[in-house]
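The values are calculated or read from the model by the stated rules, or taken from the named source; none is laboratory data. Not measured: the values here are computed from a predicted model. Glycine gets a Cβ as well: all are built from the backbone with ideal geometry, and neighbour counts include every protein chain shown. Ligands, DNA and RNA are excluded from the accessible area calculation, which covers all protein heavy atoms including side chains. Shrake-Rupley method; radii C 1.70, N 1.55, O 1.52, S 1.80 Å.
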Amino acid sequence: MADRMKRLAVICARGGSKGVKGKNLRMLAGKPLLAHTIEQARMSGVFDWVAVSSDSNPILAAGIAAGADFAVERPASLASDTAAKIPAIRHCAADVERLTGTTIDTIVDLDATSPLRSLEDIRGAVAKLESSGADNLLTGMPSRRSPYFNLVEEMPNGTVALSKTTAEPIKRRQDAPKCYDLNASVFVWTRNALFSDNDTVFNAMTILYEMPEERSIDIDTEADFEYVEFIMSRRAESNMKDQGE
């Protein structure tokens, strides 16, 4: 790469899935769900390596079959229902560094359950972090609800009030500060930020890359899976029509 920065895509895919059983290997548009994200990482042209992290041997094998460079076995301590995700990403990145003998500059977590992202989403998120001087980057879509206008919290006495207030009440949603729903699609870290002792996605210098709602679906339920399947079928039909013209 011209800038000589080394970049790694990490795709975490546990064997145990509660909302959608076996979702990482479940067939979606003719291939396992996991394979879509591996192919996106490859096609983006951004990464030196693509690695799959899992506690499941079938998932690791499927990752290699789909084009991943490394299949990193995740320790049981990092694969439980209560385990945080960042230590698993850190473990995977450290293993790839050991195997390649290279220090990686930028580590990107691509969520396997967000296959509607575009290649430009990946490229844009990485470019934004690397040009910003920030620690890490999250992706999100414009929020449907605003904590300043129509998102409320229940108080101890049972009443409700706006989650956030301003000195002057906001009378139109358009006048509220811009808020986002995180979509769990792309997370980007500098190496120093990822290998710090912070296991949350928020640092002193965390920034956001905006994605549209139609590319922000995170598969967490059967309904989500069916919706993504529908969107992908519509995309395939549209591509076929375009090729036929």
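Consider I104 against the criteria (1) open to solvent by less than 60 Å² (accessible area, probe 1.4 Å); (2) of a type outside the set (D, E, K, R); (3) out of contact with any Leu (no Cβ under 7 Å at 6 or more places or on another chain): it satisfies all of them except one. Which criterion is unmet?
The failed condition is (3).
In the stretch 187-245, what count of residues is obtained for those that are in a helix (DSSP H, G or I) and under 28 Å from S17 (Cα atoms)?
Filtering the stretch 187-245 for residues in a helix (DSSP H, G or I) gives 191-194, 213-215, 222-244.
Among the residues that remain, those that are also under 28 Å from S17 (Cα atoms) are: 194, 213-215, 222-236.
Qualifying residue count, the stretch 187-245: 19.
For the condition of a type in the set (D, E, K, R) and modelled with pLDDT under 95, what is the one hit in D81, D109, D48?
Unique residue meeting the criteria: D81.
Looking at I38, I11, which is the one that is within 18 Å of L116 (Cβ to Cβ), part of a strand (DSSP E or B) and among the aliphatic types (A, V, I, L, M)?
Criteria check complete, one pass: I11.
Tell me which of these G45 doesn't satisfy, since it passes every other one: (1) buried (at least 23 other Cβ atoms within 10 Å of the Cβ); (2) in contact (Cβ under 8 Å) with a residue 40 or more places away in the chain.
(1)
Quick one: is S185 within 18 Å of L8 (Cα to Cα), small (G, A, S) and open to solvent by 40 Å² or more (accessible area, probe 1.4 Å)?
no
Name the strands (runs of 3 or more DSSP E) wholly within the stretch 87-165 that hold at least 3 residues that are more than 19 Å from V52 (Cβ to Cβ)?
Per the criteria, 136-142, 152-154, 160-162.
What pairs come out if I take residues in the stretch 65-83 that are of a type in the set (A, V, I, L, M, F, W, C) and pair them with residues that are assigned to a loop (DSSP other than H, G, I, E, B) whose C-beta lies under 6 Å away, six or more apart or interchain?
Here the result reads A79/R14; A79/D55, each pair linking the stretch 65-83 to a residue that is assigned to a loop (DSSP other than H, G, I, E, B).
Being farther than 25 Å from V201 by Cα and surrounded by 14 or more Cβ atoms within 10 Å (Cβ to Cβ) is the requirement here; does A71 meet it?
no
The rows are residues; the columns are (1) of a type in the set (K, R); (2) within 19 Å of L194 (Cα to Cα).
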| residue | (1), (2) |
| --- | --- |
| D48 | no, yes |
| V52 | no, yes |
| S56 | no, no |
| L60 | no, no |
| G63 | no, no |
| D81 | no, no |
| D109 | no, yes |
| R117 | yes, no |
| E120 | no, no |
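Modelled with pLDDT of 95 or more, in contact with a Cys (Cβ under 7 Å, 6 or more places away or on another chain) and under 17 Å from T37 (Cβ atoms): is that true of I122 in this structure?
So I122 fails the test.
How many of the residues in the stretch 116-165 are closer than 30 Å to R234 by Cα, in contact with a helix residue (DSSP H, G or I) (Cβ under 6 Å, 6 or more places away or on another chain) and open to solvent by 40 Å² or more (accessible area, probe 1.4 Å)?
Going through the stretch 116-165 one residue at a time, the tally reaches 2.
Given the options K18, K23, name the one that is touching a residue at least 60 places away in the same chain (Cβ under 8 Å) and open to solvent by 70 Å² or more (accessible area, probe 1.4 Å).
One residue alone meets the criteria, K18.
Report whether or not A83 is open to solvent by less than 50 Å² (accessible area, probe 1.4 Å), in a loop (DSSP other than H, G, I, E, B) and either among the small types (G, A, S) or more than 20 Å from V108 (Cα to Cα) (or both).
Details: open to solvent by less than 50 Å² (accessible area, probe 1.4 Å): yes; in a loop (DSSP other than H, G, I, E, B): yes; either among the small types (G, A, S) or more than 20 Å from V108 (Cα to Cα) (or both): yes.
Yes, satisfied.
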